[in-house]
Structure formats: C-alpha cells, structure tokens
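Just below is one structure, and these are the notes that go with it.
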Amino acid sequence: MRQDDDIQIVNLLFARQESGLKKLEEKYNKYCLTIANRILFDNEDSKECVNDAWLKIWNSIPPNRPENLAGYLAKIVRNLALNCYEKKHAAKRGGGQVEMSYDELSECMAGKGRVDENLEKNELSCIISKFLKQKGEQKRTIFIQRYFYFAEISDIADRMGMKESSVRSALSRMRKELKNYLEQEGIAI
Amino acid sequence: MKQLDDEKREKSEKIIDAIGGLPDDMISKANPENWEQGVYIGEKSGINNSNDSYEDKNKVVLFGEWLLKRRKAVAFVATLFVCVIVSGVWKLNSMDSKIEEKANDGDNYVTEQTAEPESTYYVWDGKKKKHPKKKKTGKHKKTVKKGNRKNITTNKKHPGKKDVVPDQDEEPAPTMKSYSEDNDTDRKRMGDGADDNAQSDNEQNSTAPEQTQQPDSKSDKPDKTDTTESVIAYKNNSDGNRTAISISGPESKKIENLIDGKKFSSDSDTEGYDAVIKYNGNEYYYISNTKMLITSGKGAKLSDSENAEVKKILKID
C-alpha cells in the first residue's frame, strides 16, 4: 500500500503534476516536520524548512527517481534543517541533541590534523554504511536514530524497549568500533 | 584551543554529513516512528505516517515559551507558595511548643504514673489480676491540689456519692507497706474465708444503729483508699460477724494517740479478739478481756482507763 502510494506520487512528480506534490505533502508533512523539529526545535523554522524541502523535491524529481521516498525525503529535510541550524547557531553553539551528537561523533575521527578536503562525502557514507550493515538491526537502528534523526536517548530507549544506560553504552561501543573501522579503511587523518 | 574545537567540529560535521548519505532503506527503516518496544511495526500509511510526539513537543515548546514570558509572575507565585508552606510549618511548630509548655507547667494536672499500675494487683493476696479493668477496681489515681486535700471515701452502695471525711490536722501521709506485709495481716484477720460469706449474709440482715457506713459483702476486706487518712475499726460481734465502725474526729485522735504511745513487744495471740482497728496501714487487734492491743503478733497492755476508753469508742459492751 505504502509502496503503491509512493510510486504513484513519484510518477505524478515525474509527470510534473502538482497533485503529486499535494499528495506528498498530505502523506509526509508531519513526518518531515518531526525530523526538522528534532534538529531546529522551532515550529516556524521547521515549517519553513519543510516548505523548502517540497521545492527541492519538485526540482530533484525528475531526474531522480527514489526507490524509497520516505528515506529520500528524510535526507533532504535533514540536510536543510542542518543548514538552517548552522546558520542560526553559527555565533553561539551549545545545547540540543544536534550539538550533543556533534560532540559524540568528534571522537570517531582519529588524528590531530584537519579533515582531508578531498575526502568524498559519498566515500565516507559508503564506509559507514558497510560498518552499519555488519551490525545487528537493533544496534544499527539505535545508531541511525541518534545520529540521523537526532532522537533523544530517552526516546530511543522507549521505542527500542531498552534502558537509557544500555542505549548509551551501545552508542559508546559503536563509536569506538566505528573509529577503529575508519582507521582500518585508511580514513585516519 | 579554538582551533582544536574547530577541528573536532569539522570532523564530526563530516561524519554527520556522511550519515546523511546512508541508503534510503536503512534510514527509512530506522525511523523512530516505525519502532515500538524494540519491534519494527512498519511505516504508517497516509496522514498518520508521522511522529505523534511532534504534537507533544509542540506543547512542550509552547509551555516553555509561555513560562519564559510569564517568568516574573511564575516566580512571584512560587515565592508566595514557598512562604505559605514555611509559615504553616512555623505555625505548627510554635503550636507544638505551646502545648509542651502547657503540659510542663500544669503540675496540678499531670501525675507521675508508675510503670505497673497499682490497680493491677489484688490488695489481699498480692496476686496479679487476670483481667484488670480500671473502672471496676475503683482505684483511679486522682490528682488533688495540695491546698485542697480532702479525705474522700467512696460510698460503695452508691458509687456516685462520696463521703468527705474531715481533714486530719497536719497528719503526715501514711507510708505504704509492701504487699507481703499487708497480706500477712490481711490473712490473719480474714481467717479461712468461709466466715466472710457468712458474715456478709448476716450483715445484710443486721440493722445496727451505730453503723454510719453499711459494709457490703466484702466489708471485711479493708479498702486502702478508705483508710489512708482515718481510723477504721471492725467490731467482732458475738455471733462471729464483723461490723465496720467509722471513727472520726476526737475519737479517732484518741485511738491514734493510744496506739502511738504503746510499745508492742510481747508475743501475743489474736484469738478471741473483739475488734480490729486499722490505723496507719497496720491492723491492731483489740481483746477487751485481756486488755491487749496486738499487731503483727506483738501485743501491748492497756491500762484500765485506756481499755474503758477503747471499749467506749468501739461500743463494745
């Protein structure tokens, strides 16, 4: 059912019909708002970010034809929200789940120098994706919920039926393992 | 320091960006809304495919904004609430201390009780009562103001009425004897117990005019509350029955002086006694024929005049 809806929406967007955008908004508005709000924690900014996402979808389909529309949308909204967050918090940083995630992930990169400018984002994404595929579904889900959706640890614990301390320790172990994995793959700077 | 922070930031941004490039399926499946109690419940379709907690968070945000706007009022109300609580606690404490002060000041109202109440024992045999009930024993400890001390005896037939015995002139309070001593004298006086019942039956029939206080079936068992301040005598009639005689005023004084002035030294037997005088916690057996007063097996001889006086007071022919 979901797949049929998504395929229909993508087809409508491919045909440049605005009804496709309406259906997309009708189905995924709250979903996108949730993702944006987790990062921005501001209703107005989140709505603005989601509106930008509709425009970006409209412009990107075609030529892109996403197989998983929800994931595709999530990535667009997240990137827009992160950009918005960077603009808003450029002067003053601190607090919030995003900042906490930044702090936590800073330990994953070894070395003291600056990040290699030539390091491709896609290359790093592939390595992280391989790493996550090696892990069990539960650990993978916890990691993505924390560092993609920026969910709170208590929220993750509730949804995953775990204790907060278990979630924390699982994330800590995964960060260390990711660091070692990146070193093995030659991403240590 | 700042450079180090920037480097860290740059690294973590790189990883965050890279995580943003993870496969769509992986991201879609990990959506927190698709998980419940650690189980993947699948994506919701249509308008419900959303995070319900968004509304909750919206409420939290709204409440936060409202709190920020009204922070002064909220602070004022919180301060007021704390003040009310503090004043309430202070008031309760002051009330407690007042009650304690009242309790400590009121010497006339507070009596010091012994750990083992006296009323839990029978006076005549010193044994502990099986079912002590304060109301039935009639031995409530009463507090009387020092200046208003009166001798109050309870009328046993009419417990509501009380006979007030005139004050004893500066008489020191009798010292309490131990139960064992009391019991010895009680047993001697009481005899084998069979007489008691017979006596009580006869007493009900007797109508002696000199009896100011009608003894009940247990009249031969002296009541300590009745005898602490006065002299009480029990006349032994010729038929073997006993009659209580209340002695008061000058007669009581005479008996007291008489007993106080005697030295009880000779060994004597109480057999054939005419009366028992209870004074100062002791019992004195009076034998008119031999003119003897006997207590605890020791006797004192009375002179003729003293004997006549005693006979007159005790109304012994």
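The values are calculated or read from the model by the stated rules, or taken from the named source; none is laboratory data. In this text, all values refer to a predicted model and were calculated from it rather than measured experimentally. Virtual Cβ from ideal backbone geometry, glycine too; neighbours counted across all protein chains shown. Areas reflect the complete protein model, heavy atoms only, side chains present, ligands, DNA and RNA absent. Shrake-Rupley method; radii C 1.70, N 1.55, O 1.52, S 1.80 Å.
Compute the long axis of helix A:121-134 from its Cα atoms, compare it with the longest principal axis of the Cα atoms of chain A, and write down the angle in degrees, 0 to 90, nearest 10.
Long axis of A:121-134 versus the principal axis of chain A: about 70 degrees.
Beyond 31 Å between alpha-carbons counts as too far, so tell me which of A:K87/A:K163; A:K130/B:K8; A:K27/A:K88; B:K29/B:K69; A:K30/B:K69; A:K56/B:K29 fall in that bin.
Those over the limit are A:K87/A:K163; B:K29/B:K69.
Please compute the modelled spin-label separation between A:N11 and B:E13, points set 7 Å along Cα→Cβ, answer in nm with one decimal.
That separation, rounded to one decimal, is 4.3 nm.
Helix-derived [θ] at 222 nm for chain A: sum -39500 (n - 2.57) over DSSP H runs of at least 4, divide by residue count, nearest 500?
Helix-only estimate at 222 nm: -24000 deg cm²/dmol.
Modelled label-to-label distance, A:N122 and A:L55, 7 Å Cα→beta-carbon offset: nm?
2.6 nm
To the nearest 100 Å², how much accessible surface do chains A and B hide from each other in total, with a 1.4 Å probe?
Summed over both sides, the interface buries about 5200 Å².
If I fit a long axis through the Cα atoms of helix A:164-184 and take the longest principal axis of the Cα atoms of chain A, what angle between them do I get, 0 to 90°, rounded to 10?
80 degrees
May I ask you to compute the full-extension gain from B:S97 to B:E309, defined as 0.36 nm times their residue separation minus their alpha-carbon distance, rounded to one decimal in nm?
That works out to 70.2 nm of additional length.
Could you sort B:E7, A:E86 by accessible area so the largest value comes first, with the probe set to 1.4 Å?
These residues rank, largest area first, as A:E86, B:E7.
Considering only protein heavy atoms, what is the solvent-accessible area of A:M100 at a probe of 1.4 Å, reported in Å² to the nearest 10?
Surface accessible to solvent at A:M100 totals approximately 80 Å².
In degrees between 0 and 90, to the nearest 10, how far off the longest principal axis of chain A does helix A:18-40 point, with axes built from Cα atoms?
With rounding to tens, the tilt is 30 degrees.
Measuring from centroid to centroid over Cα atoms, what is the spacing of segment B:66-80 and segment A:123-189 in Å?
A separation of 42 Å, based on Cα centres.
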